[in-house]
Every structure is written in structure tokens, then in C-alpha cells.
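S.K.: Take a look at this one; I'll ask things after.
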Amino acid sequence: MSTPDGLLKMSELAEQSGVSAGTIKHYLREGLLPEPVRTSRNMAYYPPEFVERIRLIKRLQEDRFMPLRLIKGVIDEDPERAHALIELEDRILQRAAAAQEQGRVSRAEVRRRYEVPDNVLERLEDLEILSPNSRGYDPDEVKIIEAISRFRAGGYDERIGFTVYDAVRYREALQPLVEEEVGVLLERLVGEVDVDRAEEIIAAGTEPLRELVGAIHSKLLLDELRRATDRRT
């Protein structure tokens, strides 16, 4: 039982924060938690605000894959900003998940709409470019399938060497860009506007960003083709 002033034993702190006593001790060693209020050599009590701090550390570690060294800096500098960051991420994910579920298309419907062989879809799933659930493909996955269908209709198929592995090249090129984009976006929004407004800004930027990336890609592609032609002349 906690003390009259609310201080918690290690076992109580572990239970309320949802992490093990070993994890809490590790956080203490790493300097992520202030020193406990000690009452004797073998007994220590911890302030109740440790509960939320530990939960925050765990979420930053598990949800954002942040190393403890960086987490310490974030929490020491501005713990409220760290909470706002997590809240914004949660809201974005909730919105995205709701949109995905509402717009899912069944496997049968995808097969009916698009000329993409089953083995191609299966290979894209093996490569984790597509990850349908029991209700089918989400809207972005449907757009990927539609794009591949149009590529194949235009002659980009296995007969001239184009396979699903070409899609992996785009994913690998885009992954570091997306990671940087998320970091910059959250850094600039969190603490500058409230969570509702930040969510609105991100939602409003989705389609323009898609168009921007596509337009830049088209321009770079044409520029590279011109350079290739110049090199041959």
C-alpha cells in the first residue's frame, strides 16, 4: 500500500506503470528517472508522477523506437512536448486506420477490376508491399495494384524484364525520405499548434504531397533521359 503522502513502493510503481521492476531499475540507472525518496538502506519509495513518466518512456521506446539516450534528452528538455508528440501520432494513426478500414476492397473485387495475376499479388504480399487483411486491400494498396495493372497493360511486364521486384526499389528509395518527412513534420507542428489543428494540417497536405512527389519524379525522369541522350551524342 502507498504511503499517506502517495509515495509508492517499487512493486506498486511497477503495477501501476505496467512495466517490470527490472525495467524501472534500468531507467533509474540510465538517468531517465530522478532518484527515489529513500527511507532506509533497503527500502525506497517513489513519487506517483513516476507512473506517467515511465509510461511515456515506454511509449517513446516502443512506438517511436527511440533509444533511451534520446528519450532522456526529450523528457528532460520538455516532457509536455513529448506527450503532445505521442498524442498527435495517435490521432494521425487513428484517422488513417479509420480511412483504411472504410475504403477496403475485397480480394475478389480487386481481381475483377484489375488485370493483375494472382501470383503477382501474392509476390507483392510476400515482399510486404501489400498487406491486406480479411476485408481486403486498403485504399493505398488498391492504388498500388491499379498502377501495376496500368504498367502491365502498357507493356511493363515479365517479357521485357519488369517484375514485382521493381516496386521494391521504389519502397527502399522512399523509406528514408518518409522517415525524414515524419520527423520534420512532427518537429515543426508539435508545440506550435494544438493537436486538432496539427491533425488538420497533416490531412490537408496528403494529396498535395502525393502530387508534389509525382511531379518531381516526372521532372527528374525526363532530365535523366535527356542526359542519357546527350551522353550518347
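S.K.: Probe of 1.4 angstrom, ligands and nucleic acids ignored: what's the accessible area per residue over the chain, in square angstrom?
M.R.: 67 Å²
S.K.: Once you mark the GluC sites (Glu not before Pro) that are in a DSSP loop and have at most 12 other Cβ atoms within 10 Å, what is the longest gap between them in the chain?
M.R.: 50-114
S.K.: With an 8 Å cut-off on Cα pairs and a minimum separation of 6 or more residues, tell me the relative contact order of the chain in percent.
M.R.: Reported as a whole number, the value is 14 percent.
S.K.: Specify the inter-centroid distance of the stretch 2-60 and the stretch 85-148, based on alpha-carbon positions, in whole Å.
M.R.: First find each Cα centre; the distance between them is then 42 Å.
S.K.: May I pose another question? Among the lysines, select those whose C-alpha is under 20 Å from the C-alpha of residue 9, and discard any that sit fewer than 8 residues away in the same chain.
M.R.: Counting by Cα, and skipping residues close in sequence, residue 9 has these lysines nearby: 25, 58.
S.K.: Once Rh for the stretch 115-233 is found with the Kirkwood sum over Cα pairs, what is the Stokes-Einstein diffusion coefficient at 4 °C and 1.567 mPa s, in µm²/s?
M.R.: Approximately 75 µm²/s, per Stokes-Einstein.
S.K.: Suppose the Debye formula is applied to equal point scatterers at every Cα of the chain; what is log10 I(q)/I(0) at q = 0.18 Å⁻¹?
M.R.: After summing over all Cα pairs, the log10 values are -1.33.
S.K.: Let me ask something else about it. Taking all protein chains as present, what is the carbon and sulfur share of the accessible area of the stretch 95-233, in % to the nearest whole number, probe 1.4 Å?
M.R.: Carbon and sulfur: 54 percent of the exposed surface of the stretch 95-233.
S.K.: Out of every Cα-Cα pair in the stretch 1-136, what percent are more than 24 Å apart?
M.R.: The share of Cα pairs beyond 24 Å in the stretch 1-136 comes to 52 percent.
S.K.: Mean residue ellipticity at 222 nm from the helices of the chain, using -39,500 (n - 2.57) per DSSP H segment of n ≥ 4 over the full residue count, to the nearest 500 deg cm²/dmol?
M.R.: Mean residue ellipticity at 222 nm (helix-derived): -22500 deg cm²/dmol.
The values are calculated or read from the model by the stated rules, or taken from the named source; none is laboratory data. If you're wondering where the values come from, they're calculated on a predicted model, not measured in any experiment. Cβ: placed from backbone, ideal geometry, glycine included. Neighbour counts: every protein chain shown. All accessible areas refer to the heavy atoms of the entire protein, side chains included, with ligands and DNA or RNA removed. Shrake-Rupley method; radii C 1.70, N 1.55, O 1.52, S 1.80 Å.
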